[in-house]
1. Could you look through region A:44-64, keep only residues that are under 24 Å from the mean Cα position of the chain (by Cα) and buried (at least 20 other Cβ atoms within 10 Å of the Cβ), and pick out the one that is farthest from DNA strand D (Cβ to nearest atom)?
2. Say we look at region B:65-81 and pick out the residues that are more than 14 Å from chain A (Cβ to nearest Cβ) and either outside any helix (DSSP H, G or I) or within 11 Å of DNA strand D (Cβ to nearest atom) (or both); which of these is surrounded by the most Cβ atoms within 10 Å (Cβ to Cβ)?
3. Mind checking which pairs have a first residue in region B:97-113 that is free of Cβ contacts under 8 Å to residues at least 24 places away in the same chain and in the same structural domain as residue B:191 (by TED's automatic domain parsing) and a second that is part of a helix (DSSP H, G or I) and buried (at least 24 other Cβ atoms within 10 Å of the Cβ), Cβ under 6 Å, 6 or more apart or different chains?
4. Given the options A:151, A:140, name the one that is farther than 18 Å from residue B:170 by Cβ, more than 17 Å from the chain's Cα centre (by Cα), away from chain B (no Cβ under 14 Å) and assigned to a helix (DSSP H, G or I).
5. Step by step: first the residues of region B:82-108, then only those that are out of contact with any helix residue (DSSP H, G or I) (no Cβ under 7 Å at 6 or more places or on another chain) and within 18 Å of residue B:201 (Cβ to Cβ), then the one that is surrounded by the fewest Cβ atoms within 10 Å (Cβ to Cβ). Which residue is that?
6. Please list, ordered by residue number, the helices (runs of 4 or more DSSP H) wholly in region B:158-208 having 2 or more residues that are within 7 Å of chain A (Cβ to nearest Cβ), within 15 Å of the chain's Cα centre (by Cα) and surrounded by 16 or more Cβ atoms within 10 Å (Cβ to Cβ).
7. Among the residues of region A:142-157, what is the count of those that are crowded, with 17+ Cβ neighbours inside 10 Å and under 15 Å from residue A:76 (Cα atoms)?
8. For region A:48-60, does any single residue satisfy the condition of being within 14 Å of another protein chain (Cβ to nearest Cβ), farther than 17 Å from residue A:21 by Cα, part of a helix (DSSP H, G or I) and in contact with a helix residue (DSSP H, G or I) (Cβ under 9 Å, 6 or more places away or on another chain)?
DNA sequence: GCACACTCTAAGCGCCCGCTCAGGCTCCGG
DNA sequence: CCGGAGCCTGAGCGGGCGCTTAGAGTGTGC
């Protein structure tokens with residue numbers, strides 16, 4: 001796992017966000033769908049709108065995807081895998097638990113801010129997925145949660161953190177990070193880097209890290 | 001403002017949630033709409049579904065509401081006013097800034113957990129509102145934010161809190177509380193009271209309150 | 001006892017949805 | 001030069017959508 005494409009790191013942007021989607025027309029449709037779903041929501045988006053944004057006729061969509069829902073499924077799957085890779089890289093890195101937690105939170109938040117259109121679809125359109133896909137995605141989300149959970153437990157065991165309820169802290173931290181996708185605006189007060197740094201700091205306070 | 005109905009306090013539940021909506025048939029429709037919007041989202045909910053849940057024919061809806069959107073508007077307005085009242089009561093209460101912030105967060109979170117169906121519609125279906133209503137609701141949200149912002153500033157001025165970025169902290173706290181509506185499940189690990197207490201504690205850590 | 005307002009239903013209008021299908025390009029191996 | 005695969009379009013299907021309309025049942029004031 002853990003794709004080899006994010007070596008540039010730095011600000012959470014990816015060099016080639018949907019490079020794994022081919023052919024090019026299928027990628028164009030998928031990118032159009034991400035924009036439309038993020039703007040209006042899955043149910044309020046029409047297949048005609050998606051095809052239009054990609055510069056194609058409505059029928060072209062069905063050459064590359066069986067249904068509108070399959071588009072959402074592919075977006076959700078790729079997005080969750082990306083989110084998991086980001087957290088795993090940080091959690092498996094070097095340094096104290098506090099350093100790794102700070103890195104995990106700041107890079108996870110940077111991604112949610114910089115790719116907030118994608119993240120909005122990935123995090124808030126789960127309910128629109130079919131049963132099978134949803135079950136699969138829920139599995140991925142549990143793995144995502146487990147990374148943060150593990151980091152907190154390591155910190156507690158090492159005596160770096162002071163947390164009365166590890167599961168509650170995990171939940172709150174994930175919730176805080178994910179919700180960035182809802183409120184982040186590109187023309188707002190903060191850059192993705194700034195939000196990442198701010199949030200890493202707040203999270204260290206939440207787990208009572210010695211400073 | 002600040003309705004006189006929540007004197008029972010305790011667990012964040014209201015005795016008569018939609019008492020201000022009359023006649024009774026209009027209230028039944030509104031409650032049905034809240035359930036449906038929360039379950040499936042505004043755009044995926046049909047007027048036939050709402051009417052059916054309320055035990056009426058599809059046409060009955062249009063006797064009490066001009067459009068489907070007006071239903072959402074009334075839900076959103078009443079919900080935001082309730083949220084504002086909860087925060088204002090806590091912020092205007094007695095005690096240190098830390099005590100009032102803890103009370104504000106725990107009661108705000110209790111409401112988001114106990115009334116999570118309502119809160120989900122109120123917090124996550126803003127984009128479906130028409131332009132005029134949305135502008136009005138955005139105004140209410142600014143007032144909600146201002147309550148928390150004020151509490152944090154008071155705590156900083158009194159030397160109770162240590163916050164590098166007051167606006168950032170306000171945003172993060174609001175985000176944390178609001179997102180409860182997304183993940184809270186009645187059959188989950190926590191009761192509304194427990195989440196309220198947990199979150200009040202975490203928020204006090206975030207603002208560096210002396211303990 | 002009757003006119004009227006209020007509340008509701010059965011039926012259905014016009015529209016746009018997700019999706020299909022027959023056919024036409026273009027490119028490539030032989 | 002031909003045949004077939006891959007990609008795309010125009011036209012349109014069945015159906016469900018938000019909402020309207022005509023009219024029936026019920027309660028109230030006078």
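1. A:45
2. Only one residue tops the list, namely B:71.
3. Listed by first residue and then by second, the contacts come to nothing, as the list is empty.
4. Checking each option against the conditions leaves just A:151.
5. B:95
6. So the answer is B:166-178.
7. 1
8. Among the residues of region A:48-60, at least one is within 14 Å of another protein chain (Cβ to nearest Cβ), farther than 17 Å from residue A:21 by Cα, part of a helix (DSSP H, G or I) and in contact with a helix residue (DSSP H, G or I) (Cβ under 9 Å, 6 or more places away or on another chain), which makes the answer yes.
The values are calculated or read from the model by the stated rules, or taken from the named source; none is laboratory data. The shown structure was predicted, so the numbers you read here are calculated from the model rather than taken from an experiment. No Cβ is skipped: glycine too gets one built from the backbone with ideal geometry, and neighbour counts run over all protein chains shown.
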